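Here the structure is laid out as structure tokens; the discussion comes afterwards.
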Amino acid sequence: MLLKPIKDELNYDNALARVDELMELNPELGTKESDELEVLVLLVEKYEEQEWAISEPDPIEAIKVRMQQMHLKQKDLIPYIGNKSKVSEVLNRKVGLSLTMIANIASGLHLPLESLIQLPKKNVA
């Protein structure tokens, strides 16, 4: 099979079919078939990452979901964020979360720090 980048669903489906064929053969390592299988799997993974990437969780949405789960009102976040107006500003995205707020919310609402910290997006060329 001529190996080439996967650019659309048809290429993707064809690559998956070939991966299935090669898996059925259970080729020994170092053979032409095992090398083809390894490269095809890498191409499939790359295509899946590009087409079906899972976005990072939004910190404010994570907080709102936890509030719903715990049946909390905005006023219940005052101990973690500050006064009532600060809570409102944070939930309405007018003010960002400080490190202190993040630590307090993570501890008080039992949210993982990773869901409250959003790193800048990497530019993919």
*Counting only residues that are modelled with pLDDT under 95 and within 26 Å of the chain's Cα centre (by Cα), give me the helices (runs of 4 or more DSSP H) lying completely in segment 10-82 with at least 1 of them.*
32-51, 59-69
*Here is a list of conditions, (1) of a type outside the set (A, V, I, L, M, F, W, C); (2) exposed (fewer than 15 other Cβ atoms within 10 Å of the Cβ); (3) farther than 30 Å from LEU10 by Cβ, and LYS46 meets all of them except one; can you say which number that is?*
(3)
*Single unsatisfied condition, VAL124 versus (1) loosely packed, with under 14 Cβ neighbours inside 10 Å; (2) at pLDDT 95 or above; (3) of a type in the set (Val, Ile, Thr)*: (2)
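For segment 73-106, enumerate the residues that are in contact (Cβ under 8 Å) with a residue 12 or more places away in the chain and open to solvent by 70 Å² or more (accessible area, probe 1.4 Å). Write out each step before concluding.
Here is the first cut: in segment 73-106, the ones in contact (Cβ under 8 Å) with a residue 12 or more places away in the chain are 74-75, 77, 79-82, 87-88, 90-91, 93, 97, 101-102, 104-105.
Hits for segment 73-106 are GLN74, LYS75, PRO79, ARG93.
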*Using the structure shown, decide if ASP35 is surrounded by 11 or more Cβ atoms within 10 Å (Cβ to Cβ) and touching a Pro at 6+ places or on another chain (Cβ under 9 Å).*
yes
*Would you mind stating whether GLU114 is under 22 Å from the mean Cα position of the chain (by Cα) and not polar (S, T, N, Q)?*
yes
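Yes/no matrix, rows are residues, columns are (1) closer than 30 Å to VAL87 by Cβ; (2) hydrophobic (A, V, I, L, M, F, W, C); (3) open to solvent by 80 Å² or more (accessible area, probe 1.4 Å); (4) in contact (Cβ under 8 Å) with a residue 60 or more places away in the chain:
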{"site": "LEU3", "(1), (2), (3), (4)": "no, yes, no, no"}
{"site": "ILE6", "(1), (2), (3), (4)": "no, yes, no, no"}
{"site": "LEU16", "(1), (2), (3), (4)": "no, yes, no, no"}
{"site": "GLY30", "(1), (2), (3), (4)": "no, no, no, no"}
{"site": "LEU40", "(1), (2), (3), (4)": "no, yes, no, no"}
{"site": "GLN50", "(1), (2), (3), (4)": "no, no, yes, no"}
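The values are calculated or read from the model by the stated rules, or taken from the named source; none is laboratory data. Not measured: the values here are computed from a predicted model. Methodologically, a virtual Cβ is constructed for each residue, glycine included, from the backbone with ideal geometry; neighbour enumeration extends over all protein chains shown. With ligands, DNA and RNA removed, areas are computed over all heavy atoms of the protein, side chains included. Shrake-Rupley method; radii C 1.70, N 1.55, O 1.52, S 1.80 Å.
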